[in-house]
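A.B. asks: Shown below is the structure under consideration.
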Amino acid sequence: MALKLEDKKAIVAAVKEAASGAFSAVVADYRGLDVGQITALRNKAREHNVYVRVIRNTLARRALEDTNFALLNESLVGPTLIGLSMSENDMGAAARLFTEFAKDNAELEIRSGAFDGKLFTGKDIDVLAKLPSREQALTTLVSLLQAPVSKFGRLLTALKEQNEEQAA
């Protein structure tokens, strides 16, 4: 079914708006996936605040123009599925979602990803997928900050016990 010019403009505008507010992007080839599998991916994407869209390459190039994801243009070849991480709290959500989905569905081929103006190939997408969520990063930071304080507290307790033993 051929798209009318107004429909194409609407698609480009929707993807451009999503890309403007996104923190990372992933481009994949969905060839071989059936409708049920893509629907399952879209459902998981909604849960993780990831914008997923099957899009024509020419429309994707126009939509990504003047955004941080224009460097993905070389990856836009063949059937294209684009995922955009929309949450500031989980910037690697799209890469993580696509990587996990590809483990169970070998037909999904991740071509590339982009984050902070850097292009990642399909093989390097794990770097994006392993980005911690905001909560994970804060938990790690707190545990790192807490460790020296707790060690110092244990040292003071041990010194106090040692002094009490010597006094007795």
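None of the figures in this text is laboratory data; all of them are computed from the coordinates on show. These figures come from a predicted structure and were not determined experimentally. Cβ: placed from backbone, ideal geometry, glycine included. Neighbour counts: every protein chain shown.
A.B. asks: Rounded, prolate or oblate for segment 5-131? Axes are the square roots of the Cα gyration tensor eigenvalues, ordered a ≥ b ≥ c, and the cut-off for rounded is a/c under 1.5.
C.D. replies: rounded
A.B. asks: In debye, nearest 20: dipole of the chain around its Cα centre with unit charges on the Cβ of K, R (+) and D, E (-)?
C.D. replies: My answer is approximately 480 debye.
A.B. asks: Let me ask something additional. Counting other Cβ atoms within 10 Å of each Cβ, which GluC sites (Glu not before Pro) in segment 1-74 have at most 15 and sit in a DSSP loop?
C.D. replies: GLU65
A.B. asks: Counting other Cβ atoms within 10 Å of each Cβ, which trypsin sites (Lys or Arg not before Pro) in segment 1-107 have at most 10 and sit in a DSSP loop?
C.D. replies: LYS4
A.B. asks: Just give me a number: lysine pairs in the chain, eight or more positions apart or cross-chain, with C-alpha atoms less than 16 Å apart.
C.D. replies: Lysine pair count for the chain: 6.
A.B. asks: Would you work out which of ALA95, LEU155, THR80 lies farthest towards the positive end of the dipole of the chain? Charges go on Cβ: Lys and Arg +1, Asp and Glu -1.
C.D. replies: THR80
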